Amino acid sequence: MKHYGEFHGTIGATVADSEPWFAEPPHPGDDAPNVVIVLFDDLGFAQLGCYGSTLTTPHCDALAEGGLRYTNFHVTPLCSPTRAALLSGRNHHAVGMRAVSNFRTGFPHMTGHISNHAATMAELLHDEGYATFCVGKWHLAPMEQCSAAGPMDQWPLQRGFDRYYGFLDGESDQFSPSLTYDNHHIDPPARPEDGYHFSEDMVDKAIEFIHDSKGVRPDRPFFLYAAFGATHAPHQAPAEYLDRWRGRFDEGWDVARERWFARQQEMGLLPEGTQLAPRNPGVDAWDDLPENQRLLAARLQEAFAAFLEHTDVQVGRLVDSLRALGELDNTVLLVLADNGASQEGGPFGVLHEMKFFNGMLETPDEAVAHLDEIGGPHSHSNYPWGWAQAGNTPFKWYKQNTHEGGVHVPLIVHWPDSITDRGATRHQFHHVNDVAATVYDLLDLTPPDTYRGLEQMPVTGTAMTYTFADPDAPTTKPIQYFEMGGHRGLWQDGWKAVTRHEAGTAFDDDRWELYHVDVDPSECHDLAETEPDKLQDLIDRWWEQAEAEGVLPLDDRLAELFGARFRDHSPHPRDRHYVYRPPMAPLAAQAGAPINGRSYDMKADINRSAGQNGVLYATGTQNAGISLFVHDDRLVFDYNAFDHHTVVTSSDAIPVGDCLAEVRVRRTGARTGTATLLVDGAEVAEADIPLFLGMMSSTGPTVGYDGGSPVSLLYSAPNRFEGILRSIDIQLISPNRPGDGDQAAEARSEMSRQ
């Protein structure tokens, strides 16, 4: 008979006349190292103790003492693009990720996922015989595809990982995360009142995955990609960590920057003569701030420090587990960040980050009444610009910018079996697209020209392995461009041209700056006027790189991009009509009905007996969200706008048996609305909504229960509905009032959040 599949034996009439053949599974060799990548989110160059700060990171510091610290390592200015370059070994535009994965533009450089023509490290290492695990933040799939309906072809398991545990979006509440386990969504295994925190949970799962593999196949090496939600907002940590930092930042950001800069110089992290960049525009001297602004800013930085310390402890737990298994010495372990410190906290910082994304600048005088909530489950905080720039010491600007503050981050490489120059620094320029090339070089792995039948883009990263043994070797990286939302830059031979773009202005009007970053890494001395030929040469080379790497067309749009949710090939119906029938998994925020800032009708078809209560539909968290539920036999709608609860309750008990429970929400102004309850078509209650939100939460909806922290003060989550919920029917009312600009407001808030 015809044999389907490979067989190299012989088949006779009997076993005695035949020769068996067994396919050998791939294996990278007995000496192949494990590979572990630990990725921090929104971590500035200075924020680890081993990079100058006085923050508490002993476990990362110990890895630096046992390995190498890179002082000239660069990334893209935003999370999804860096992750795409990290895992693929190519530039982010080339693989389809010019910005966050939450939208597509119809151009090859923004598809919302890593091109299938650029196989990931996980895919190639898996085919070499590695076990492959991913825990933590993904943010490399179109978010509209991140519901249980899929398609799941860009989820971790479909891009080379054997196991996954984490959240798919750009951020998540660390006490009540939106979790995905392999290919399905799950509820968190515990609640914050039980001591739950996601960073601990994800490391538990990472250790479990490794133990599962090593227990059965001790010969098989593994690749672990551990991408913490830390230190992206919300800055959240257990209470005991928050308590340890009380009062430790009262001296302010100016003192901290000077102190951290001095430590960096003592550690040899900066070229001699480096200057501390001046304060960014919008950052005032600490001593000039009003008292309440200092109180708020200090407490917000305390929450960040606690979050970072708590994350460092989890890194230590992971390292200890590798040591206990006897695997640490032959593990290539890299610790890095995806971009510089975040500017999304604004000039004052925010107790509830979503306020900033709604265009609401919460004043320090308002926020100080809630200082003790910062860092806990009842906050979604981010620190102010002054502390973000301190985190980026000695640089200027932040995440999203192509100046050094946005793209210059820590990198630690730890590999006891092969790195002998322990505790040393390396100063060669390198970029995040070099990580995959380095791993391939270590494993003597040549990326294939085709993968799964698809022609592959060349891996354009430059291996860093030559730096392991030679601290003085000149960098072999020839050139590197930068671009994000119109911000542009290009590094070559120790020089950098860079421009900061204002959205909506002509790209030709951008002013280019020139720095000799080999001697002026903090970009203090702009040489554009004195070296015009050098500047023009770098600008010309930027355009060459832009053409070669798929950067074009330049694009600084926001609003138009988020309209894609109502285009073809989207889960969002053109008639804006959604029907959900439980049981069903939680929905990603961008996959659920987009009710933020909009008018809508929501109907629940239920059957219940007297005394049967619970949530019919909820989205958001205790910080902001909406919930439709039955409480004490009455229909209740709670519109939670940052603890300002508009609670609408039916005056009478709703009928037993079949019932149609409905809420009609109407936007009446830029910041106002109304909510009307109906039971079987009859109006039973109405209330004005004084604060109507364009952006509520990164936590998506759940049907038949409240899957996050409780939106309403009237119940504890999950508060599952005890009767029969047949369906939730949502009809968006579109368009809203002329001139409201809903889509533009939503786009600004969503992009800022990412």
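The values are calculated or read from the model by the stated rules, or taken from the named source; none is laboratory data. Values in this document were obtained by computation on a predicted structure and should not be read as measured data. For neighbour counting, all protein chains shown are included, and Cβ atoms are generated from backbone atoms with ideal geometry for every residue, glycine included.
Computed quantities for the displayed model
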| quantity | calculated |
| --- | --- |
| Residue tally, condition part of a loop (DSSP other than H, G, I, E, B) and free of Cβ contacts under 8 Å to residues at least 12 places away in the same chain, over segment 312-352 | 1 |
| Unmet requirement for Gly669, which otherwise passes all of (1) crowded, with 16+ Cβ neighbours inside 10 Å; (2) at pLDDT below 95 | (1) |
| Candidates Ala324, Ala305, Ala298, Ala341 - the one that is at pLDDT 95 or above and under 27 Å from Ser213 (Cα atoms) | Ala324 |
| Verdict on Ala23 being in contact with a Leu (Cβ under 8 Å, 6 or more places away or on another chain), closer than 30 Å to Thr120 by Cβ and of a type in the set (A, V, I, L, M, F, W, C) | no |
| Matching residues, segment 275-298, being part of a loop (DSSP other than H, G, I, E, B) and either closer than 16 Å to Gln389 by Cβ or free of Cβ contacts under 8 Å to residues at least 12 places away in the same chain (or both) | Gln275, Leu276, Ala277, Pro278, Arg279, Asn280, Pro281, Gly282, Val283, Asp284, Ala285, Leu289 |
| Failed item in (1) touching a strand residue (DSSP E or B) at 6+ places or on another chain (Cβ under 6 Å); (2) surrounded by fewer than 18 Cβ atoms within 10 Å (Cβ to Cβ), with Ser599 passing the rest | (2) |
| Condition met for Glu251 (part of a loop (DSSP other than H, G, I, E, B) and closer than 30 Å to His525 by Cβ) | yes |
| Positions within segment 91-136 being among the charged types (D, E, K, R), under 19 Å from Asp153 (Cβ atoms) and assigned to a loop (DSSP other than H, G, I, E, B), in sequence order | Arg104 |
| Candidate set from segment 46-62 (those that are among the hydroxyl-bearing types (Ser, Thr, Tyr), part of a loop (DSSP other than H, G, I, E, B) and within 24 Å of the chain's Cα centre (by Cα)); member that is nearest to Pro394 (Cα to Cα) | Ser53 |
| Residue in segment 607-638 that is surrounded by the fewest Cβ atoms within 10 Å (Cβ to Cβ), counting only those that are of a type in the set (Val, Ile, Thr) and part of a strand (DSSP E or B) | Val636 |
| Condition check for Glu272: assigned to a helix (DSSP H, G or I), without any contact (Cβ under 8 Å) to a residue 12 or more places away in the chain and not polar (S, T, N, Q) | no |
| Residue tally, condition crowded, with 22+ Cβ neighbours inside 10 Å and either free of Cβ contacts under 8 Å to residues at least 24 places away in the same chain or polar (S, T, N, Q) (or both), over segment 52-70 | 2 |
| The one condition in (1) under 22 Å from Ala717 (Cα atoms); (2) at pLDDT 95 or above that Val579 fails to fulfil | (1) |
| Flag if Leu325 is in the same structural domain as Phe395 (by TED's automatic domain parsing) and within 26 Å of the chain's Cα centre (by Cα) | no |
| Residue in segment 415-437 that is in the same structural domain as Leu87 (by TED's automatic domain parsing), among the β-branched types (Val, Ile, Thr), free of Cβ contacts under 8 Å to residues at least 40 places away in the same chain and farther than 24 Å from Asp31 by Cβ present | no |
| Some residue of segment 35-45 being in the same structural domain as Met121 (by TED's automatic domain parsing), in a strand (DSSP E or B), in contact with a Ser or Thr (Cβ under 7 Å, 6 or more places away or on another chain) and not aliphatic (A, V, I, L, M) | yes |
| Qualifying residue in segment 597-606 (condition: modelled with pLDDT under 95 and either part of a loop (DSSP other than H, G, I, E, B) or on the phi > 0 side of the Ramachandran plot (or both)) | yes |
| Filter result for Val95 (assigned by TED's automatic domain parsing to the domain that holds Ala436, surrounded by 13 or more Cβ atoms within 10 Å (Cβ to Cβ) and closer than 24 Å to Pro234 by Cβ) | no |
| Meets criteria (surrounded by fewer than 24 Cβ atoms within 10 Å (Cβ to Cβ), closer than 30 Å to His27 by Cβ and free of Cβ contacts under 8 Å to residues at least 24 places away in the same chain) for Thr450 | yes |
| Gly29, sole failed condition from (1) surrounded by fewer than 22 Cβ atoms within 10 Å (Cβ to Cβ); (2) touching a strand residue (DSSP E or B) at 6+ places or on another chain (Cβ under 9 Å) | (2) |
| Pick from segment 644-673, criterion within 34 Å of the chain's Cα centre (by Cα) and free of Cβ contacts under 8 Å to residues at least 60 places away in the same chain, ranking: farthest from Tyr600 (Cα to Cα) | His644 |
| Filter pass, Gln428 being in contact with a helix residue (DSSP H, G or I) (Cβ under 7 Å, 6 or more places away or on another chain) and either within 30 Å of Asp250 (Cβ to Cβ) or surrounded by 18 or more Cβ atoms within 10 Å (Cβ to Cβ) (or both) | yes |
| Some residue of segment 224-231 being free of Cβ contacts under 8 Å to residues at least 24 places away in the same chain and in contact with a strand residue (DSSP E or B) (Cβ under 8 Å, 6 or more places away or on another chain) | no |
| Test: residue in segment 34-41 that is surrounded by fewer than 12 Cβ atoms within 10 Å (Cβ to Cβ) and among the polar types (S, T, N, Q) | no |
| Meets criteria (buried (at least 20 other Cβ atoms within 10 Å of the Cβ) and in contact with a Gly (Cβ under 9 Å, 6 or more places away or on another chain)) for Glu353 | yes |
| Positions within segment 587-620 being under 22 Å from Phe642 (Cα atoms) and touching a helix residue (DSSP H, G or I) at 6+ places or on another chain (Cβ under 8 Å), in sequence order | Ala588, Ala589, Gln590, Pro594, Asn596, Gly597, Arg598 |
